[in-house]
Structure formats: structure tokens, C-alpha cells
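A.B. asks: One structure coming up, written as C-alpha cells, with questions to follow.
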Amino acid sequence: MSIRKYSQFLPVTRIPDQAGYTVDCAFQQCINPSCKATYDLFEIHHRCPKCGSLLDVAYRWDKLPVPKDLSYFEQFWSQRRIPQRFSGVWRFHELLPFAPLEQCVTVGEGQTILQCSPGVAAYAGLNQKSLYLEYEGLNPSGSFKDNGMAAGTTHGRLVGAKRAACASTGNTSASLAVYCACTKLMNCVIFIGSGKIAYGKLSQALDYGAKTIQIAGDFDDAMARVQEVSKQLHIYLLNSLNPFRLEGQKTIMFRVLEALNWEVPDWIVVPGGNLGNSSSFGKAFIELHHLGLIKKIPRLAVINAAGADTLYRLYEEEKLRWNDGNVDQAKIDMFFKQMDAEGRRASTIASAIEINRPVNLTKCLRALDFCHGVVRKVTEQEILDAKAQVGANGFGCEPASAASVAGTKKLVEEGIIGKEERVVCVLTGYQLKDPNATVAYHGTDAAFFESVLGKRGVKNAPFANHPVSLGNDTDAIIDLLKKD
Ligand code: F0G
């Protein structure tokens, strides 16, 4: 950690010590316990330059003004005219204090709701009041990514970035495009796999003016290219490899606790793709526990799509574990070597999580370790049926998000989640992101059903709300409605 002579520049992250030197209260640190190298807040790394592991944003909490309990944050509800206190991310600034509050970027993210859903609870086999849906689709760009992007673009601003890039299955790119278009702080470049992104998301990136590069490959190829390109051209990278993004995503959990009157639920269930969310939820609970702000730790369930099940295979079948940070890298390397040799590529209707090589794998293992986690995989049929149930109970979500409800149902059936336990399913993206999947499921066009869902193994649509086609005839319409 760097210690400097006291200067005029004194954001929240730097405070004078007794000898008059400034101490960095926020810095970057390698997550590998046998390395633990630290880096200045203003350095830009995608991984630890010393050992190649992932980086965390770390804080010297002992030097920072930490709230005594979580109800401290309630005072900010009356300060909603201040954009940073309106923000559902920066309202919790004291728990991610790497930038001065007035420099924190916001486009009004985090106005989300945690809704108790008896209907979805019944579907999942839980008691009526046991299941809560955290609607992250209510964010400005329609997904949870805005939580991370508020924090990531704030760091980009601190380091003076003029151009930002990401690879994406769609939502990260839509989110980055919003932040760039709205703030004009950076120009936006997005890398997407060709034919791999739902139109709702692509249309957002185009509309918001992002330079859109469609490469011949999938998300993992786009992820590899964006890292190389951004390194060579010094473009600021805003994938979840960026530890500042994950700081913002911690606030999803803070808002869940807030909505539960600061009570910790029994389970958090989240879809797993690149594993940024699960990693950042784990970090949130590790820090809250360390700071004495929570006593109980919730269990974490990460849900893969069966067609993109790297985490499931490694964690549940290969028994890969965090192991105090000594993750068995040889096992991971062997796994990916075999994946390539067999030509196995991720494929799922939940295109948001169609990922082979999740970049935050080791951080997710840490989260699973701390939160006594489990991983499950769910089929395309299970995802779409769960999605229809979420829709029927309000707001709606995109396919990837419904994996959390499908996974909950599975864990209740297995007896791992008890019927009376309090479960929070994170609905990561809004329903209109991928209308194709929804219309194919509910519609009556058999050929369309087959081309979107049938070819993926979806056999039927038991919860379909079929539209009715009638002639342009008032009597016929009245006859139909009289039968209701
Ligand atoms: N749900 C949605 C709607 C997503 O867009 C993503 C990720 C996930 C879940 C998985 O979250 O990566 O934190 O495990 N979408 C990324 C993107 C990969 O590019 O938009 P994760």
C-alpha cells in the first residue's frame, strides 16, 4: 500500500495519519493469499501483474468512518434530490468508499424493488411468504449491470479514461452504452459474438451510440479479444474482471437487506454466467460480517443453464473449491483443455449466461466457500416455465434471470432449501430484453416455437398464455369474452 506525504488532494480514500502522511484507504489487492500484492487505486490492471490472479478493491476499514449499524443508511432516504443519494448504489457509499461522493457517476441506477411473490413461491414449492424477487430489471438499462457500471465508470473517471470497452452477451454492453451516452465521460466500444445477442440488448447499444464490433465467434472469443485490444490501445475495460464494477454490484445485496428491514435472508439465488454477481455478493457478505454489520451469513445458490454449466461441473462434479485461496489451477486447466478437445461450446436460450470460461471463477469459489454455497444447473424447459411464472406474477424477466427461480424449485425438491426458509431470487434482467423467447413460448406459431425453443429441447409450454385470433367481428369477440 502506498503512503504519501500529505497533499491538498484528499478524497475520502486518503486520510492523514498521525505523522502527517496520507494513507490510501482504498487500494487494489490480489485475491491470491500467497501473493496478496497491492496496487494503487489509480493503477489499471485486469489481473495481478505479479501472479495473474484476480484483483479486489480493498479498504483500510480501520481508518474509515464505518457505520455502526445498517440502519445508518436510512437517513439518506430524505436526501433523494442529491443524485448520489438517490442512486441505489451511492446511497451506500460508506461501504464502497473508493471515490469522493461528488465524483461518483450515476444515471439513477438501483431504484429496484424486492417483492414477496406468493405465486412464484407456490410454483417453487415454498411457503407463501418465503420467496422474494429482487427486480434488477428495473434499472435504467434494464439489468443489474447498471450497479456495477456506476462504480466502474466512476473509477474510469478517476483515472481519466476517454474510451471504455467491454465484451458482452448484451446487458453489459447496453449498460456501458447508457453510461457513456448519458455522461459523455467516455466513448463506448462493445465487442459481441455474432448472432449471440438478443435484439432488445443489441438495439439498446446501437441506439445509445456505442461503437459495436460484432466478431465471428462467441462471448468467450469476444472476451479474449477485448482484453487484448484494450491493453494495446489503453482503452478502459469495463467487464466484471474490473474489480470496481463488482463494488457496485455489492449494493444489490445491501438493497435486499434494506428491504428486509436489515434482516439477512436464508438464501440468495442467482444465475451464474461470468460469475461477477455471485462474486460480488460474496464480497458484500464477507465485508458486512467483518465489519460486524451482520451476524448471519446467507447461503448462496448459483444457477447455471444446463447448456453452459462450467461452474456446475467444476464445483459439484469435480469438487473444485476455494481451499483458502489455494485453488487447484491444474484441475481448471485440464477442464478447459478437455472442453476444447471435445469441441464443447455453451449453448442456451438464456443467452446472457451462454459462457464457457467464466472470468470470475475463483472469486465465485470464494463466495461459495463463505456462504456455504451450492451450484445447480437447469434445463431450457425449466428456465422457460419459471420465466412464465415470474411473468404471470408481475414485472417479468429475461430467460437467464428465471434460472434463479428454476434453481430454487430444484433445490426445494431436493430438500436443500426448506419450504419455510426465506429465499431471494435475483431477477437480473428485464422481460423485454428478449421478446423472441417470450413470444415463442406464449404464441401459437408452431414453426416459430420450433425454431426458437423446440430445437433446444423445449417440448411444450404448460404456462403459455396463448393469444386468440378472431375475425374483425364484434359479435365473435363478445361471444368469446362471455365464455370467461
Ligand atoms: N443475468 C443476466 C440478465 C445477465 O446479463 C448476466 C450476464 C447474468 C445473469 C450473469 O451474471 O456474469 O455476473 O454471472 N451478462 C453478461 C453480459 C455476461 O455481457 O451482459 P454474471
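A.B. asks: For the chain, report the convex hull volume of the alpha-carbon atoms normalised per residue, in Å³, without decimals.
C.D. replies: 167 Å³
A.B. asks: Then there is this: Fewest first, what order do MET223, MET149, MET253 take by the number of other Cβ atoms within 10 Å?
C.D. replies: MET223, MET253, MET149
A.B. asks: Gain in length, ASN326 to LYS36, computed as 0.36 nm per residue apart minus the alpha-carbon separation, to one decimal in nm?
C.D. replies: 103.2 nm
A.B. asks: Here is a further query. Given contacts defined as C-alpha pairs under 8 Å and at least six residues apart, what's the relative contact order of the stretch 162-227, whole-number percent? It would help to have the intermediate numbers written out before the result.
C.D. replies: Details: 118 pairs, mean separation 26.0, N = 66.
The value is 39 percent.
A.B. asks: Might you list the cysteines of the chain that have no disulfide-compatible partner by the rule of another cysteine's Cβ under 4.7 Å?
C.D. replies: CYS25, CYS104, CYS116, CYS166, CYS182, CYS364, CYS371, CYS397, CYS425
A.B. asks: Nearest 500 deg cm²/dmol is fine: what mean residue ellipticity at 222 nm does the chain get from its DSSP H runs of n ≥ 4 alone, each adding -39,500 (n - 2.57), divided by its residue count?
C.D. replies: Value at 222 nm, helices only: -10500 deg cm²/dmol.
A.B. asks: Another question, if that's okay. Based on the Cβ-Cβ distance from GLU43 to LEU260, what FRET efficiency comes out when R0 is 51 Å, to the nearest 0.05?
C.D. replies: With a Förster radius of 51 Å, E is 0.85.
A.B. asks: Which order do the peptides 52-63, 185-196 take when ranked by the mean count of other beta-carbon atoms within 10 Å per residue, highest first?
C.D. replies: 185-196, 52-63
A.B. asks: Right, here's the next one. Answer rounded, prolate or oblate for the stretch 273-405, using the Cα gyration tensor with square roots of eigenvalues a ≥ b ≥ c: rounded when a/c is under 1.5, else prolate when a/b is larger than b/c, else oblate. Don't skip to the answer; put the middle values down first.
C.D. replies: Numbers: a/c = 2.44, a/b = 1.06, b/c = 2.30.
Here the stretch 273-405 falls in the oblate category.
A.B. asks: Report the relative contact order of the chain, percent, no decimals, based on alpha-carbon pairs under 8 angstrom and at least 6 residues apart.
C.D. replies: This gives 15 percent for the chain.
A.B. asks: Starting with the highest mean, order 430-442, 71-83 by the number of other Cβ atoms within 10 Å, averaged over the residues of each peptide. Don't skip to the answer; put the middle values down first.
C.D. replies: Details: 430-442: 20.5, 71-83: 12.3.
Ranking, from highest mean packing down: 430-442, 71-83.
A.B. asks: Still on this structure, please answer the following. Tell me the net charge near GLU420. Cut-off is 10 Å between Cβ atoms, GLU420 excluded, with +1 for each Lys or Arg and -1 for each Asp or Glu.
C.D. replies: Once positives and negatives cancel, what remains is +1.
A.B. asks: Let me ask something additional. With the contact rule set at Cα under 8 Å and sequence spacing of 6 or more, what percent relative contact order holds for the stretch 77-166? Walk me through the numbers on the way to the answer.
C.D. replies: Numbers: 114 pairs, mean separation 23.0, N = 90.
It rounds to 26 percent for the stretch 77-166.
A.B. asks: Rounded if a/c is under 1.5, else prolate if a/b beats b/c, else oblate: with a ≥ b ≥ c from the C-alpha gyration tensor eigenvalues square-rooted, which is the stretch 65-178?
C.D. replies: Working: a/c = 2.58, a/b = 1.34, b/c = 1.92.
In terms of gyration-tensor shape, oblate.
A.B. asks: Stretch LYS337-LYS483 to full length: gain in nm at 0.36 nm per residue minus the Cα-Cα span? Don't skip to the end; give the middle numbers.
C.D. replies: Working: separation 146, 0.36 × 146 = 52.56 nm, distance 5.99 nm.
Residue separation times 0.36 nm, minus the Cα-Cα distance, leaves 46.6 nm.
A.B. asks: Is the stretch 334-375 rounded, prolate or oblate when judged by the Cα gyration tensor, a ≥ b ≥ c being the square roots of its eigenvalues, rounded requiring a/c under 1.5 and prolate requiring a/b larger than b/c?
C.D. replies: Oblate is the answer for the stretch 334-375, as a/c is 1.5 or above yet b/c matches or exceeds a/b.
All of the numbers you see were taken from the coordinates with simple rules; none came from a lab. Predicted model only: the values in this text are computed from it and were never measured. Don't worry about glycine lacking a Cβ; one is built from the backbone with ideal geometry, like all the others, and counts go over all protein chains shown.
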